[in-house]
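Following: one structure in structure tokens, then a few remarks.
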Amino acid sequence: MQTALERADVALDLGTATARLHVASRLRPLSRPSRIWRDGRERRALAGGVVVDVEAATTVVADLLGHVRGRWRRPHVLACLPTDATAAEREALIEALLRAGAGAVQLAPEPLAAALGAGLDFGTARSRAVVDIGEGVTDCAIVSASGVVASAALRVGLDDLREAIREWIAQTLEVHITPGEAERTLRDVGVLARREQGRDLVVAGRPRRGVGPVLIRVDRTAIRNALEPLADRIAEHVRRFVAAVPPEQQDALRESGLALTGGGALLYGMPERLVGELGLTVERVGDPLGAVIEGAHRLRRSRGR
């Protein structure tokens, strides 16, 4: 494993849904889905923000490294992972990266990368609070120029919200919908009632019985009710984290509020819901999806200086 003083060649955000890789010579990161097909079925490399299939993760990372390996025979990789990752989960990530062709691996906490990628100012001694709602994990942290001061992660994210929609439609309407259709539905419904909440949503799917595909009308309020338990868990997790922030950090938290990153930041109503839960300012950063890889890219450049 790479030492803290060595400078990485490549930055990697190996996410539950999407893997992103950044090098100095590119203006934008490379990306690809964090899954592979083997023997006619899909294999997901990650769940809950951590590697659960080393072989699949190796294939995903090797594909990305293949685009930059001409510059380095075995590049040094700086990779991000949740703050609650266990020793075994960290080792699984390192193993996958080394098998994929990395010469050395350096690990960084995702909220720290997200904060740097969001452009939060660490020029003063004041800390900032970051909530990163990703595909498989909601990761909260207080970060400063010295690193992560406090953190708490919950293995619930967008993937769980989409699955809740699919399960509700399958059980209630006996129609199976694709993850893509569940994603579209989730973005339409969000986690807060809209003014047009009474209007039905049309969803395409495959009926459990009979000939398909079919178009069905789904009540938005019913979908939101199916999402409510998970949305409540996310909001309650953030509330408990804020309540547990050390007293010396409370003034900074009240002054600067929370920075919201990850795909969950783009859900309709999520910032407003957290404001209502916490009584704090919640700011959605400029590029919630790209914050982690951009921050990892900046960390990659800064290590060793």
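The values are calculated or read from the model by the stated rules, or taken from the named source; none is laboratory data. Note that the structure is predicted; figures quoted are calculated from it, not measured. FYI the Cβ positions are ideal-geometry reconstructions off the backbone, even for glycines, and counts take in every protein chain you see.
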Within region 46-100, the residues that are without any contact (Cβ under 8 Å) to a residue 60 or more places away in the chain, polar (S, T, N, Q) and in contact with a strand residue (DSSP E or B) (Cβ under 6 Å, 6 or more places away or on another chain) are Thr59
Restricting region 237-254 to residues that are within 18 Å of Glu283 (Cα to Cα) and without any contact (Cβ under 8 Å) to a residue 40 or more places away in the chain, which is farthest from the chain's Cα centre (by Cα)? Asp251
Of the conditions (1) at pLDDT 90 or above; (2) touching a strand residue (DSSP E or B) at 6+ places or on another chain (Cβ under 6 Å); (3) crowded, with 20+ Cβ neighbours inside 10 Å, Ser127 satisfies every one except a single condition; which number is it? (1)
Any idea which of (1) in contact (Cβ under 8 Å) with a residue 12 or more places away in the chain; (2) assigned to a loop (DSSP other than H, G, I, E, B) is the one Pro111 doesn't satisfy? (2)
Restricting attention to region 168-207, which residues are modelled with pLDDT under 95, closer than 21 Å to Glu135 by Cα and among the acidic types (Asp, Glu)? Asp188
Scan region 175-185 and tell me whether some residue there is in contact (Cβ under 8 Å) with a residue 40 or more places away in the chain and part of a helix (DSSP H, G or I). no
Can you say whether Arg126 is assigned to a helix (DSSP H, G or I) and over 30 Å from Ala222 (Cα atoms), as far as the supplied structure shows? no
Could you figure out which of (1) in a strand (DSSP E or B); (2) aliphatic (A, V, I, L, M); (3) closer than 17 Å to Gly263 by Cβ isn't true of Val156? (1)
All but one of (1) part of a helix (DSSP H, G or I); (2) surrounded by fewer than 19 Cβ atoms within 10 Å (Cβ to Cβ) hold for Arg69, so report the exception by its number. (1)
